[in-house]
Amino acid sequence: MTRYLAIFLGTPEARQASGWDALDEATRKAREREGIAAWKQWMADHQAHLVEGGSPLGKTKRVDKGGVSDTKNGMAAWVVVEADSHDAAARMFEGHPHFTIFPGESIEVMECLQIPTGD
């Protein structure tokens, strides 16, 4: 089977459009509990395909020729799965709580390629 990296994406604009921040605290906390439970269930349902359970992602630093600076991007979390095909890997994330309960925007799934050996 092939390994695939899934990156969970979200933007402040998508969060605002979802109305997440406009929820009263009790409703938001209830939705968070529901989302965490659904995420754990997704992990359990796909345990046979999970290579790395991943994690949420924090603040970002950019490193380039000019040095190190603060930056922002839409990456919120990651996970690595194994599947028979790219389509099969992507289909695992259909209906994921990242965007059905939480205000996430999308999940991008890409194949993890082998490092060229130079031979």
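The values are calculated or read from the model by the stated rules, or taken from the named source; none is laboratory data. Note that the structure is predicted; figures quoted are calculated from it, not measured. With ligands, DNA and RNA removed, areas are computed over all heavy atoms of the protein, side chains included. Shrake-Rupley method; radii C 1.70, N 1.55, O 1.52, S 1.80 Å.
Here are some notes:
- Mean separation of Cα contacts under 8 Å, 6 or more apart, over the residue count of region 1-97: relative contact order %: 46
- Ligands, DNA and RNA left out, the 1.4 Å accessible surface of the chain is 51% carbon and sulfur atoms.
- Cross-link reach list, lysines versus Lys29, counting only Cα pairs under 28 Å and skipping chain neighbours closer than eight places: Lys40, Lys59, Lys72
- Accessible area expressed per residue, the chain, with surrounding protein chains retained (probe 1.4 Å, Å²): 69
- Calculated P(r) of region 80-119 - Cα pairs past 14 Å, %: 55
- Heavy-atom accessible area for Ser106, with the other protein chains in place and a 1.4 Å probe, reaches approximately 40 Å².
- With all protein chains in place and ligands, DNA and RNA left out, the 1.4 Å accessible area ranks His46, His98, His86 as His86, His46, His98, largest first.
- Cα principal axis extents for the chain, largest first, Å: 60, 43, 19
- Size descriptor, Kirkwood hydrodynamic radius, that averages inverse alpha-carbon separations across region 1-53, Å: 13.5
- Over every Cα atom in region 47-103, the radius of gyration and the widest Cα-Cα span, Dmax, amount to 15.2, 43 Å.
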